[in-house]
Structures are given as C-alpha cells and as structure tokens.
Amino acid sequence: MDGVRLLRLGKRLTELGRELVTDPASATLTPGEIAVIADVYGHPGTSVQDVRARTGFAQSHVSTSVARLRERGLLDTGPDPADGRRTLLTASAEARDYIRARAADPAEPVLARAVPDPAAARRVAELLDELATLLLPGPARD
C-alpha cells in the first residue's frame, strides 16, 4: 500500500464513521468541527494548542471551531488553574451523552450499505476490528 492509497482509505473510513455517528441535526457541523469535538471528547481539559497539535489544523481554525461549538452548547470552557491565561476545553454534558449514545451503535449496517455482499461486509468488519487492535492506542472499546 502506498501513501496515497492509505490517505484515500483513511478518508473513506472517516466518511463511513461520520455516517454512523452523525444524524441530520449534527450534519450542520463541519468536518473540522466534528474533528475538534471528537478530539476534545477524547482529551477532556485540553487546550486549543493541544487540539491544534493533535489534529494538525491551524490554530485559527481550531479557535473558530471552538467558538462555534461553544455557542451551540457542545463545548465547555474554563481557565487553566495552572495558567489563568490559557483556556481549557471539555465536551459539554449534552455532547458527551450524544457521543456515548451514537458510539454504541454497531458499524455493521453502515458497512453493509458500503459493501453490499454480506460475506464481504462481515470480513470488512473483522479486518477493521483487527486494524483497530493493531493501530489504536489503549484498550479495545467494545
């Protein structure tokens, strides 16, 4: 596999994941906003600079996304106790509840729409589980 094919695969997996975890109400979020809220959800009490470093987005993009997400009630902000000039970000209770509810949905229906052959769709699910085990840090999240 070359780098371009890996990037294309990553983009396709992102599209499938977005289909699984979003609904028409969240479709108003941009892909960048979804990436920011997902990063903050995974790293509560984080800073804009930390989000920027993990996502690779420009600081201005992260700051704009944070402002929009905060206005929508999806992010909570507060001062950093160690440095009052920094702001720390946490997903709001509403956002956390929504993400937990959607994250529990199985991926198989989305995969079945993407790969119509049932045997091939099952194989894709198995391979993705194996890749997740090999490539993602931390314990498996079943």
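For every residue, the table says whether it meets (1) in contact with a helix residue (DSSP H, G or I) (Cβ under 7 Å, 6 or more places away or on another chain); (2) among the aliphatic types (A, V, I, L, M).
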{"residue": "Glu15", "(1), (2)": "no, no"}
{"residue": "Leu29", "(1), (2)": "no, yes"}
{"residue": "Gly32", "(1), (2)": "yes, no"}
{"residue": "Ile37", "(1), (2)": "yes, yes"}
{"residue": "Gly42", "(1), (2)": "no, no"}
{"residue": "Ala53", "(1), (2)": "no, yes"}
{"residue": "Val66", "(1), (2)": "yes, yes"}
(request) Could you tell me which residue of segment 1-59 is farthest from Ala91 (Cα to Cα), considering only residues that are assigned to a helix (DSSP H, G or I) and of a type in the set (Asp, Glu)? (result) Glu15
(request) Please specify each residue of segment 53-66 satisfying the condition of being within 16 Å of the chain's Cα centre (by Cα) and more than 11 Å from Gly32 (Cα to Cα). (result) Ala53, Arg54
(message) So, Arg100, is that one surrounded by 10 or more Cβ atoms within 10 Å (Cβ to Cβ), in a helix (DSSP H, G or I) and out of contact with any Leu (no Cβ under 8 Å at 6 or more places or on another chain) or not?
(response) yes
(message) I'd like to check something: does segment 103-118 contain any residue that is basic (Lys, Arg), surrounded by 14 or more Cβ atoms within 10 Å (Cβ to Cβ), at pLDDT 90 or above and out of contact with any helix residue (DSSP H, G or I) (no Cβ under 6 Å at 6 or more places or on another chain)?
(response) no
(message) Quick check on segment 122-142: of everything there that is small (Gly, Ala, Ser) and part of a helix (DSSP H, G or I), which residue is surrounded by the fewest Cβ atoms within 10 Å (Cβ to Cβ)?
(response) Ala132
(message) Whether any residue in segment 1-23 is touching a residue at least 40 places away in the same chain (Cβ under 8 Å) and of a type in the set (Ser, Thr, Tyr) is what I want to check.
(response) yes
(request) Just give me the residues in segment 105-121 being closer than 9 Å to Leu20 by Cα, aliphatic (A, V, I, L, M) and outside any loop (DSSP other than H, G, I, E, B), in sequence order. (result) Val110
(request) Report, by residue number, each residue of segment 13-50 that is at pLDDT 90 or above, farther than 25 Å from Asp129 by Cα and of a type in the set (Ser, Thr, Tyr). (result) Thr46, Ser47
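The values are calculated or read from the model by the stated rules, or taken from the named source; none is laboratory data. Owing to the predicted nature of the structure, the values given are computational and were not obtained by experimental measurement. All Cβ positions, glycine included, derive from the backbone under ideal geometry; neighbour counts span all protein chains shown.
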